[in-house]
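Visitor: Here it is, the structure in full.
The values are calculated or read from the model by the stated rules, or taken from the named source; none is laboratory data. Here the structure is a predicted model, which means the values were calculated and not measured. For neighbour counting, all protein chains shown are included, and Cβ atoms are generated from backbone atoms with ideal geometry for every residue, glycine included. Remember, those area values only see protein heavy atoms, side chains included, never the ligands or the DNA or RNA. Shrake-Rupley method; radii C 1.70, N 1.55, O 1.52, S 1.80 Å.
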Protein chains: 2
Amino acid sequence: MSASDNDVLTALRSAFTPGTLTTDAAELDAHAVDQGPLEHWQVHPPLAVVFAESTQDVQLLVRLSCEHGFALITRGAGTSVSGGANSTEGSVVLNLTRMNQILAMRPEDEVAVVEPGVINADLNAAAAEHGLMYAPDPASYRTSTIGGNVATNAGGLRCAKYGVTRDSVLALDVVLADGTLIHTGQATFKGVAGYDLTSLFVGSEGTLGIVVGVTVRLRHLSAHTETIAAFFDELTTAAQGVLDIGRARVQPAITELLDRRTMLALDEAQGSDLAQRGDTLLLIQTDGHGAAIEAEIIREVLRALGALVSDPGSTESERLIELRRHARGDGIVNEVRVGEDVAVPRSRLVDYIRAIEDLAEEHQVQLKVVAHAGDGNLHPTFSVPSSELGTDTGTGTGTGTETRPDDDAASPAQPEAAPVTIDATEGGLPTSAVSRLHAALDGSVRLALEMGGTITGEHGIGTYKLRWLDWEQSAEVIALQRRIKDVFDPERRLNPGRAIL
Amino acid sequence: MSASDNDVLTALRSAFTPGTLTTDAAELDAHAVDQGPLEHWQVHPPLAVVFAESTQDVQLLVRLSCEHGFALITRGAGTSVSGGANSTEGSVVLNLTRMNQILAMRPEDEVAVVEPGVINADLNAAAAEHGLMYAPDPASYRTSTIGGNVATNAGGLRCAKYGVTRDSVLALDVVLADGTLIHTGQATFKGVAGYDLTSLFVGSEGTLGIVVGVTVRLRHLSAHTETIAAFFDELTTAAQGVLDIGRARVQPAITELLDRRTMLALDEAQGSDLAQRGDTLLLIQTDGHGAAIEAEIIREVLRALGALVSDPGSTESERLIELRRHARGDGIVNEVRVGEDVAVPRSRLVDYIRAIEDLAEEHQVQLKVVAHAGDGNLHPTFSVPSSELGTDTGTGTGTGTETRPDDDAASPAQPEAAPVTIDATEGGLPTSAVSRLHAALDGSVRLALEMGGTITGEHGIGTYKLRWLDWEQSAEVIALQRRIKDVFDPERRLNPGRAIL
């Protein structure tokens, strides 16, 4: 530890009580990483962790950061799957999970004001008492915080109908890099005074300021939902089904597509027989007062395509959508995976899945695909069988491979699903397998861009996806973002090294 | 005209053909003002107007602006009611109305790509052929351009259900202040790569760059709508009705509130008897596959409050909502008005209207109120009778008063509604009346802020509302916005003097 690191610790100890500040090694390690892919040489535990309990705590810490120049890594539950919450060398982690109060619930205005550490599911539980919901529903909703959701502009299953996090955030309280507290936006659904700083902060991954308060718009919690499972012989027909539902002018709340290999994995884990019933599965949920009418239209549309469609009130459909929602969707652990998060215009879903199937074959890796098909957001998972594990000592090229959920984050209800980083330098994976996974992954990202898509639909850039950012963004856009960063944080102390190049 | 102005004109003439460039006095005058309040001494016709026909034209003009330092005022149809399109001394106006092509219509993706000069209604007509709509519907939709809508983050009647312009813009092509063309955002519904530059440009009133292409999300055009007219004895009960509809978890597409004086004005203009039926009118429209179910719930909810509620299929209700949608809602011209655009949390609608009624009485001005009640966006109109006109030569203090529609802009279907600026220096209005109107207006804005609202729900700051911006925004937020402006346009050549302080 350097002399200046010691100065930082001394300053922190004089500013915060032992209950708020920790330098315990286990805590530092736990705060070094999130749930994104990471190699051991990329792990840099912070000097200390501060568990802020108030905006004043945050401001105090930011001012110490100004004075001493240390980097400040702000963190909620650490469920980022893109390395958005990894700490950096010599940094201090600001943990906001103790700022977890719902400050106001205004059901008549359909608005709530929360601290950043409120868990997404807790906000939903509080809203449900008033017949309301907070719409953005990342797979991590049981563990992830609203602050983290805001940092990544988190998505989820319901986005095609209800929008992403940005569409539910009306106003923010933000501590700037110099410790100033500002308020952006409005508590009303409409408001156009000045630049949209609120949207600029949403999705900026904590690099422009530290969100200490969030005013969110709530939506109606539907008393009526109908869930449909539809099995198709062909992926092509299932994707056509997604478009035909749109053409029938029905907007489902949820439209999930699962490919054959995902069904096989589910069958193996759950003892079900999904894969015997078709090649591709669509799971669809309608809600609102027209839910039954919309579900009947959808059933007709999908039957016309030859699909095997569940009857009204199917409990299996409900169970399947909960499985898809909460967890990685299967129990397989005997493989090494890399999951992706691209989005393409939904008319290209078939083309895209066909193309990555070819890619998987070319690189001799296995592929499973689930997609939020309504908005063209895909989570392909490339893997190699565990039989390739442990047969080679590897060379230490960054793998970014891991055992993890298909989707956004692990669920606490399934602790066995916690991600395990496979480290190629410590005898995990043969180099050839690493190379093949990487080649497939790079290829899949490039294909998404070629089809008019994006490298990240909802997980964020973090540190992990920086490698692809200039495939999507022009030099001019990258330069503009840097200059915006300079306006907010010229010394690059806030969450350095992520979100932008 | 100065020597440097002559240099500018020489440079423009060598760059653009006579068909693209004009210095015709009538054209310059027409491009000097928009539909916002303006005093004669604030009118500064531009040096020239360039009717760009391509992105290359825009880039060429921007580069000339760099070289010669002239301000560039970008304009669509000029329907701003906040002075967002007024020209400044020595400026050149960039008119984008000839860039009016729909470049792509992709119904399967529910996405369109348009040039900025496309009229909102034309985009809707093209989308309707595919059963789709472009949701943001400012009252100016028959004349205003998508580029202008983007510049102001325009709202309209359908926003509580379908969001404002920002919620329908996925990606932008923007010419920056140095002539560089960039692309922001994604063509997919989800996308979180980098900072949200798209939202930063939306609502920035052309001060950060010139939008030359807009990728919009389309929504389903409902085949089913139901319209309800409900008359209430008391404003309080009507406002309760808005909240009770929310509590029944119904989200109407449209929820308009009209007060008694608005009904009286409509009756006078249309020969109807609305005001005999109640004190306050709610006009509500449901859409989507559940429209009939939702309408029945709403009718029950409102009848339970004692309202006189129209029967299903009421043609009068349909007619009323079209009147409210298209036009200022009445035909009265014998008064001088100032209209506002505040928004408050909708639970405060009653408190707000009661408070401005008191304000109107205190300042001896008349008041009419219409509101997009579903999102708390109010358009109060303060007026003095025309009997006070022309009795005093005035003193030339800025009045900002005018004869104009209650709402966003005049409709071409009602050319008689074109606004007439009342100029206090040329014998229009007595000083006392001006002062009273101003006092009422200022008071109404301050009340909205005190109730947690905003000074502009959907019209934008422009030049006219700059006077109130620092009532809403802190010094720190104002400073941040200036520094963002510096990043994009350090020489302040793009639409100077509006949107931010």
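Visitor: Taking only DSSP H segments of four or more residues, each worth -39500 (n - 2.57), what value at 222 nm results for chain B once the sum is divided by all its residues, to the nearest 500 deg cm²/dmol?
Guide: So the calculated ellipticity at 222 nm is -10000 deg cm²/dmol.
Visitor: Between B:GLU67 and B:ALA104, what is the label-point separation in nm under the 7 Å Cα-to-beta-carbon projection?
Guide: Reported label-point gap for B:ALA104 and B:GLU67 is 3.3 nm.
Visitor: Looking at segment B:3-95 only, what percent of DSSP beta bridges run antiparallel? Nearest 5 please.
Guide: On the way: 2 of 10 bridges.
Approximately 20 percent, going by the DSSP bridge assignments.
Visitor: Here's another thing I want to ask about it. When the Kirkwood radius is taken over all Cα pairs of segment A:150-303, what Stokes-Einstein diffusion coefficient follows at 10 °C and 1.306 mPa s, in µm²/s?
Guide: Numbers: Rh = 18.2 Å.
It comes out at roughly 87 µm²/s.
Visitor: Taking K and R as +1 and D and E as -1, what net charge do the other residues with C-beta under 13 Å from the C-beta of A:PHE70 add up to? Don't jump to the answer; show the numbers that get you there.
Guide: On the way: positive: A:ARG63, A:ARG492, A:ARG493; negative: A:ASP5, A:ASP7, A:GLU67, A:GLU89, A:GLU491.
That sum, taken over residues with Cβ under 13 Å, equals -2.
Visitor: Report for the protein assembly as shown the percent antiparallel among DSSP-assigned beta bridges with both residues inside it, nearest 5.
Guide: Values: 118 of 136 bridges.
Antiparallel: roughly 85 percent of the beta bridges in the protein assembly as shown.
Visitor: Determine one quarter of the surface area of the Cα convex hull of the protein assembly as shown, which equals its mean projected area, and express it in nm² to one decimal.
Guide: Values: hull surface 161.5 nm².
It is 40.4 nm².
Visitor: Give me the percent of the accessible area of the protein assembly as shown that comes from carbon and sulfur atoms, probe 1.4 Å, all protein chains in place. Before the final figure, lay out each step's value.
Guide: Working: 16130 of 32370 Å².
That share works out to 50 percent.
Visitor: Assigning unit charges at the beta carbon (Lys, Arg +1; Asp, Glu -1) and nothing else, what dipole magnitude in debye, to the nearest 20, does the protein assembly as shown show about its Cα centre? Provide the component values of the computation, followed by the final result.
Guide: Details: 78 positive and 138 negative charges, 92 e Å.
Value, rounded to 20: 440 debye.
Visitor: Send over the Kirkwood Rh of segment B:225-324, from the inverse of the averaged 1/r over different Cα pairs, rounded to one decimal Å. Don't skip to the end; give the middle numbers.
Guide: Details: mean 1/r = 0.0756 Å⁻¹.
It works out to 13.2 Å.
Visitor: Just check segment A:209-283 against the gyration tensor rule for me: Cα atoms, a ≥ b ≥ c as the square roots of the eigenvalues, rounded for a/c under 1.5, and otherwise prolate or oblate depending on whether a/b exceeds b/c. Spell out each step's value before the answer.
Guide: Working: a/c = 2.34, a/b = 1.63, b/c = 1.43.
Prolate shape, in that a/c is at least 1.5 and a/b is the bigger ratio.
Visitor: Another question about this same structure. What's the center-to-center distance, using Cα atoms, between segment A:47-84 and segment B:49-87 in Å?
Guide: 44
Visitor: Then there's this: Just to confirm the filter: which trypsin sites (Lys or Arg not before Pro) across segment B:221-264 are DSSP coil and have at most 15 other Cβ within 10 angstrom of their Cβ? Mind showing how you got there, number by number?
Guide: Values: sites: B:ARG247, B:ARG249, B:ARG260, B:ARG261; in loops: B:ARG249.
Filter output for segment B:221-264: empty list.
Visitor: Okay, moving on. Rounded, prolate or oblate for segment B:1-127? Axes are the square roots of the Cα gyration tensor eigenvalues, ordered a ≥ b ≥ c, and the cut-off for rounded is a/c under 1.5. Each step should come with its number before you reach the end.
Guide: On the way: a/c = 2.67, a/b = 1.53, b/c = 1.74.
It comes out oblate by the Cα gyration axes.
Visitor: Where only protein heavy atoms count, and the probe is 1.4 Å, what is the accessible area per residue for segment B:225-324 in Å²?
Guide: Values: 3640 Å² over 100 residues.
For segment B:225-324, the per-residue accessible area is 36 Å².
Visitor: Taking amide H positions as placed in the peptide plane 1.01 Å from N, state which residues far from A:VAL336 in sequence (5 or more) or on other chains have amide H under 5 Å from it.
Guide: A:VAL384, A:SER386
Visitor: Still on this structure: What net charge do the residues around A:MET99 carry, taking every other residue with its C-beta under 14 Å from that of A:MET99, with Lys and Arg at +1 and Asp and Glu at -1? Walk me through the numbers on the way to the answer.
Guide: On the way: positive: A:ARG75, A:ARG98; negative: A:GLU53, A:ASP57, A:GLU115, A:ASP122, A:ASP173.
Around A:MET99, the charge tally is -3.
Visitor: Loop by DSSP (not H, G, I, E, B), at most 12 other beta-carbon atoms within 10 Å: where is the longest site-free stretch of chain A for GluC sites (Glu not before Pro)? List each step's numbers first, then the result.
Guide: Values: sites that count: A:GLU89, A:GLU129.
My reading of the result: A:130-501 is the longest stretch.
Visitor: Karplus couplings for segment A:79-90 from phi (6.51 cos²θ - 1.76 cosθ + 1.60, θ = phi - 60°), rounded to Hz, Gly and Pro as x?
Guide: For segment A:79-90, the Karplus curve yields 8, 4, 9, 10, x, x, 10, 4, 8, 10, 4, x Hz.
Visitor: When each copy gets a label point 7 Å from Cα toward the beta-carbon at B:PRO18, what are the spacings between them in nm, shortest first?
Guide: Label-point separations across copies, in nm and ascending: 8.9.
Visitor: Give the lysines whose C-alpha is closer than 28 Å to that of B:LYS465, dropping any in the same chain fewer than 8 places away, or say none.
Guide: A:LYS190, B:LYS161, B:LYS368, B:LYS485
Visitor: Kindly provide the Kirkwood hydrodynamic radius of chain A in Å, to one decimal, from all pairs of distinct alpha carbon atoms.
Guide: On the way: mean 1/r = 0.0427 Å⁻¹.
After inverting the mean inverse Cα-Cα distance, the result is 23.4 Å.
Visitor: Just to check I understand the Karplus step: with θ = phi - 60° and J = 6.51 cos²θ - 1.76 cosθ + 1.60, what whole-Hz values come out for segment A:478-494, glycine and proline as x?
Guide: 4, 5, 4, 5, 4, 6, 5, 4, 4, 5, 8, 8, x, 8, 6, 9, 8
Visitor: When Lys and Arg each count +1 and Asp and Glu each count -1, what net charge do the other residues less than 12 Å away from A:HIS183, Cβ to Cβ, add up to?
Guide: Numbers: positive: none; negative: A:ASP173, B:GLU472, B:GLU476.
Spelling it out: positives minus negatives among the neighbours equals -3.
Visitor: Further question: Just to make sure I understand: if all protein chains stay in place, what is the order of A:MET105, A:MET99, A:MET451 by accessible area at 1.4 Å, largest first? Spell out each step's value before the answer.
Guide: Details: A:MET105 50, A:MET99 0, A:MET451 30 Å².
My answer, sorted largest first, is A:MET105, A:MET451, A:MET99.
Visitor: How far is the Cα center of segment A:134-206 from the Cα center of segment A:244-297, in Å?
Guide: Distance between centres, Cα-based: 29 Å.
Visitor: Averaging sequence separations of C-alpha pairs under 8 Å and six or more residues apart, then dividing by the length of chain A, give the relative contact order as a whole percent.
Guide: On the way: 1136 pairs, mean separation 78.9, N = 501.
Computed over chain A, the figure is 16 percent.
Visitor: With a 1.4 Å probe, what is the total accessible area buried between chains B and A, in Å² rounded to the nearest 100? Spell out each step's value before the answer.
Guide: Details: alone 19570 and 19560 Å², together 32370 Å².
Looking at B and A, the buried total is near 6800 Å².
Visitor: Per residue of segment B:153-165, what does 6.51 cos²θ - 1.76 cosθ + 1.60 with θ = phi - 60° give for ³J(HN,Hα)? Whole Hz please, x for Gly and Pro, Karplus curve as stated.
Guide: Computed from phi, the couplings for segment B:153-165 are 6, 4, x, x, 7, 8, 5, 4, 8, 10, x, 9, 3 Hz.
Visitor: Along the charge dipole of the protein assembly as shown, which of B:GLY288, B:ALA239, A:ILE182 sits closest to the positive end, that is, farthest toward it, with unit charges on the beta carbon of Lys, Arg, Asp and Glu (+1, +1, -1, -1)?
Guide: A:ILE182
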